[in-house]
Amino acid sequence: MTLRREESVSIPESDLEGVSVDTLAVRAGQIRTEQLEHGDPIFPTSSFVYGSAAQAAARFSGDEPGNIYSRFTNPTVQAFEARIAAMEGGERAVATGSGMAAILSTCMALLQSGDHIVCSRGVFGTTNVLFQKYLARFGVDTTFVSLTDMAEWQGAVRPETRMIFIETPSNPLCEVADMTALKALAVSADAYFVVDNCFCTPVLQRPFEFGADIIIHSATKYLDGQGRCVGGVVVGSNQLMEEVYGFMRSAGPSLSPFNAWIFLKGLETLPIRMRAHCENALELAQWLKQQPGITQVFYSGLTDHPQHELAARQQTGFGGVLSFTVAGGKAAAWAFIDATRMISITANLGDVKTTITHPGTTTHGRLSPEDKELAGITDSLVRISVGIESLEDIKQDLRRGLAVLSV
Ligand SMILES: *Cc1c(COP(=O)(O)O)cnc(C)c1O
């Protein structure tokens, strides 16, 4: 007799073949204990026990699959890994304690001394610090180039180049990289093509379809989306993820089962949240463009954005982050931010709550003046991560900012 699905502890993946990313967000990777709970169980345990000394030996030798210790594997963490891997369309995922741990684990697993990275300028500030300050100490050099200038990318590749690393769209100017062109460059250089897909999530952009070898997420942002915890994940082929897993297991930047459970819950609502973020952001960008005192709006959903067509080709939505410049420089930008009452002043992004920040003195404050200029981070730039509050209420709060601009 075949079991009804509800009577089975392991849920067959074949049941989800061909379903949409919206369904995978809710169903993929789900696990059950013998209690047949409908929600996802948490396994808050550091280690696992065995039926016998022989079984313990078989687990350690790898002859028998199964859990040993939660630095290596934990069922709740594995459920999160399986869900995000399915959503991205990758073979396997390795979860980490933060987005930075995901980036570090990828580099440590796949690069060695003497290797070279070409990275887009204006990546997440700490990624910049990790590459420039720490990886450099271990003989891995990085060249930073414009995300959108293919000639610069081509000129930066050396025989030792082993990794092409991008974030697309970029933060905070919403520039969009041509992933197909960068994949071709990575293939000709025999380098890994790594995409930090934090801003779009698999709901809006699936970089494997454009040739990415590895996708990285800070789960802290949209995957959780509700400001609860820090985490990260790397997705790729079984072969590459075995290397990343090996580093993660040895170095220990593991994700806790509690945080993995929160990310599982976050993923369930990710598709509807992303659509709400996109809808609010597009309308807000169009509205901001018409306001006196706003000199420029950066959002790839605007038809006059230089990579609007490319964004429309690569993404199914334009995302929830936008930025704009105000007349009057840093003092005006700060006054605008300080005049808001509801919107959170924080450098975090990807949250259901709208957030506002001055990139030049926060997220990108550590860049040298020259690097800031190259990255387009001016003193008058303000970034908003548009939340899912009522658009009218977000506008109402921003009107307080507009009112203090002298125009
Ligand atoms: C926040 C962020 C990271 C780093 O993630 P943490 O979870 O803060 O370690 C990496 N990349 C991007 C694009 C980010 O926004």
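The values are calculated or read from the model by the stated rules, or taken from the named source; none is laboratory data. What you are looking at is a predicted structure, and each value in this text was computed from that prediction instead of being measured. Neighbour counts run over all protein chains shown; Cβ positions are idealised from the backbone, glycine included. SASA here: full protein model, heavy atoms, side chains in, ligands and nucleic acids out. Shrake-Rupley method; radii C 1.70, N 1.55, O 1.52, S 1.80 Å.
One table, with the values for the structure above:
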| read-out | value |
| --- | --- |
| Cα centre as origin, Lys/Arg/Asp/Glu Cβ charges: the chain dipole, Debye | 920 |
| Proportion of all alpha-carbon pairs of the range 122-188 beyond 21 Å (%) | 24 |
| Length-normalised contact order of the chain in % [C-alpha pairs under 8 Å, at least 6 apart] | 16 |
| ³J(HN,Hα), Karplus 6.51/-1.76/1.60, whole Hz, each residue of the range 213-218, x for Gly, Pro | 8, 9, 10, 10, 10, 8 |
| Relative contact order (percent, whole number), the range 191-349, Cα cutoff 8 Å, 6+ residue spacing | 21 |
| Max mean-square fluctuation residue, GNM over the chain, Cα-Cα springs under 10 Å, options GLU167, GLU91, GLU37 | GLU37 |
| GNM flexibility winner over the chain from ALA347, ALA212, ALA28 (Cα, springs under 10 Å) | ALA347 |
| Debye equation applied to the C-alpha atoms of the range 257-361, log10 I(q)/I(0) at 0.12, 0.16, 0.22 Å⁻¹ | -0.50, -0.83, -1.27 |
| Given LYS330/LYS372; LYS353/LYS395; LYS133/LYS183, the pairs whose alpha carbons are separated by over 18 Å | LYS133/LYS183 |
| Residue among PRO253, PRO202, PRO44 with the largest mean-square fluctuation in a Gaussian network model of the chain, springs linking Cα atoms under 10 Å | PRO44 |
| Solvent-accessible area per residue, Å², over the range 82-221 with all protein chains present [probe radius 1.4 Å] | 31 |
| Fraction of alpha-carbon pairs over 22 Å apart in the range 5-268 - percent | 56 |
| Reach of LYS289 by Cα under 12 Å, taken over aspartates and glutamates that are not fewer than 8 positions away in the same chain | ASP304 |
| Accessible-area composition of the range 271-405, carbon plus sulfur, in percent [1.4 Å probe] | 52 |
| Over the range 271-405, relative contact order from alpha-carbon pairs under 8 Å, at least 6 apart, % | 29 |
